[in-house]
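Chemist: What follows is a single structure, and I will ask about it in a moment.
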Amino acid sequence: MDATQLLKGVLDVAVLAVVETEDGYGYDVVRRLRSAGLTEVGDASVYGTLRRLYSAGALTSYVVPSEEGPHRKYYGITDQGRTKLDEQRRSWNEFSRTMDRLLTGVAA
């Protein structure tokens with residue numbers, strides 16, 4: 001199974017879940033996703049997802065000066081983003097249970 005195709009369908013919820021626990025800047029979000037096991041996630045995909053979720057009102061952003069390089073743009077989750085994350089968690093749980101039943105041959 002091609003994990004990159006699966007990742008495209010869950011990247012929004014994965015990014016929201018990462019910034020729900022702690023605000024983060026772009027590469028920090030990438031690093032946290034990879035350390036959680038999404039090793040195939042691409043930098044450009046995450047940055048695009050952050051921008052899209054911000055534009056949709058699911059994320060807020062602020063800039064933090066850095067003495068070690070360029071300023072960093074941090075993202076945090078908004079109330080709208082939390083609502084979206086909760087909805088996506090419910091959808092994921094239902095979908096996951098359905099797939100488990102199908103893959104194990106257990107009838108619904």
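The values are calculated or read from the model by the stated rules, or taken from the named source; none is laboratory data. As the structure is a prediction and not an experimental result, all values here were calculated from the model. Note that each Cβ is placed from the backbone with ideal geometry, even for glycine, and that neighbours are counted across all protein chains shown. Ligands, DNA and RNA are excluded from the accessible area calculation, which covers all protein heavy atoms including side chains. Shrake-Rupley method; radii C 1.70, N 1.55, O 1.52, S 1.80 Å.
Chemist: Can you give me the number of residues within the range 41-72 that are surrounded by fewer than 14 Cβ atoms within 10 Å (Cβ to Cβ) and β-branched (V, I, T)?
Modeler: Number satisfying all stated conditions: 2.
Chemist: Looking only at the range 73-108, how many residues end up being among the β-branched types (V, I, T) and open to solvent by 90 Å² or more (accessible area, probe 1.4 Å)?
Modeler: 1
Chemist: For G81, which of the numbered conditions (1) within 12 Å of V19 (Cα to Cα); (2) free of Cβ contacts under 8 Å to residues at least 40 places away in the same chain fails to hold?
Modeler: Exception for G81: condition (2).
Chemist: Which residue pairs have Cβ atoms closer than 8 Å, lie 6 or more positions apart in sequence or on different chains, and pair a first residue in the range 1-14 that is closer than 15 Å to T49 by Cα and modelled with pLDDT of 90 or more with a second residue that is small (G, A, S) and assigned to a helix (DSSP H, G or I)?
Modeler: L11/S45
Chemist: Let me ask another. Could you check the range 68-108 and list, in sequence order, the residues that are modelled with pLDDT under 95, farther than 19 Å from G9 by Cα and in a helix (DSSP H, G or I)?
Modeler: Scanning the range 68-108 gives R101, L102, L103, T104.
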